1. Based on the mean of other beta carbon atoms within 10 Å per residue, what is the order of 94-105, 148-159, most packed first?
2. Just order 288-297, 195-204 by mean Cβ neighbour count inside 10 Å, highest at the front, would you?
3. Please list the non-local residues whose amide H lies under 5 Å from the amide H of Met99, H modeled 1.01 Å from N, same-chain partners needing a gap of 5 or more.
4. Any idea how far the Cα center of region 89-147 sits from the one of region 248-308, in Å?
5. Ignoring ligands, DNA and RNA, please state the percent of accessible area on the chain from carbon and sulfur, probe 1.4 Å.
6. Once phi is turned into θ = phi - 60°, what whole-Hz ³J(HN,Hα) does the Karplus curve with 6.51, -1.76 and 1.60 give for every residue of region 142-158, x standing for Gly and Pro?
7. Through the Karplus equation 6.51 cos²θ - 1.76 cosθ + 1.60, θ set to phi - 60°, convert the phi angles of region 91-102 into ³J(HN,Hα) values in whole Hz; use x for Gly and Pro.
8. Using alpha carbons only, how many angstrom separate the centre of region 38-65 from the centre of region 158-234?
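The values are calculated or read from the model by the stated rules, or taken from the named source; none is laboratory data. Model, not experiment: these values are computed from the prediction. Ideal geometry is used to build each Cβ from the backbone, glycine not excepted, and the neighbour counts take in all protein chains shown. Note: areas computed on protein heavy atoms with side chains; ligands, DNA, RNA excluded. Shrake-Rupley method; radii C 1.70, N 1.55, O 1.52, S 1.80 Å.
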Amino acid sequence: MRHDNIPSPLRRHAGNPILRHTDLPVEASAVFNAGATLYQGKPLLVLRVEDYERRSHFYTARSDDGLLFTLDEREIDYPLRPLEKERGVIRFDMRITAMEGTFYCYHCSWLHGLGSTVALARTDDFVRFTPIGSCTTPTNRNALLFPEKIGGRYCRLERPEGQAQIMWVSYSPDLVYWGDSRPVTLPETSWNFAKNGAGMVPIRTPHGWLEVYHAVSTPPSAGNYYLGAALLDLEDPSRVIAAPRKFLLAPVHDYECRGQVPNVVFTSGAVQFPDGRLNIYYGGADQCVALATATVDELVDFCLRYGR
Ligand code: BMA
């Protein structure tokens, strides 16, 4: 039930967290930050599963109802790029974009001794993955591909390291070479001041690209991760049309506050159903997978009402 004094339209699922590491049939010390999409009409997640060495693995998990997920028997056997092979890599936080009849997946490739980069792959079945291009230079993270070309070019959100740790938009003719980059300047609040980064793959609406992103606050609540929403211009997504100064979700519940990293809600994927309902999957405290729901219209209304 929602109350009138809560501006956010997001509703947490009553059964949260919907997935804990103890639910999994494989060695797991944590499961969180899942990529999400509809695959053949059904919800699919690519889970970040950490083993007891704190190494990350990708597992595909499939579902009929978006709540109960069954893991594929084997972890994704994801080919290594030459640099990943040379240095050693941990890959995590996949974001899945359905486009051109296939699925493009961005993820973080943390190269041993070099740091965080982002890299892209494609898949048709979430079993076999084909890397596209190389890893970016460090530091870069939180990349995702828009679901259609913008002005004839592919377009991505990313967060390169800078004085301000914020989202940027970049373009590419071929998914390999990227440039023409511009920052996305959101209004500064105490909950998004330290960092922000892309979360779910943006959804086209008549009012702009709807984006749900994560943000990090300033002290005294240091390290808290929040979710926020924004509408970005359809032709130039570096232009913010509406971005509420109110947050969408803050870590409050036990499963969001206690875990590997306390006080974290972090999304890397949502499933949009044909009737406009949206399942936003998010990691709680880098430990479990939780679910919050809203409709696309409710989120757009939230942006327009509080973000201009
Ligand atoms: C970010 C990413 C996420 C993680 C979050 C909170 O930098 O590494 O994978 O969920 O920190 O620890």
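1. 94-105, 148-159
2. Top of the packing list down: 195-204, 288-297.
3. Those qualifying (amide H under 5 Å, at least 5 residues apart or on another chain) are Tyr104.
4. 22
5. Solvent-exposed carbon and sulfur of the chain make up 49 percent of the total.
6. Residue by residue, region 142-158 yields 6, 9, 7, 9, 5, x, 8, 5, 10, x, x, 10, 5, 9, 9, 9, 7 Hz.
7. 10, 7, 6, 7, 10, 10, 10, 7, 7, 6, x, 9
8. Taking the Cα centre of region 158-234 as reference, the centre of region 38-65 is 24 Å away.
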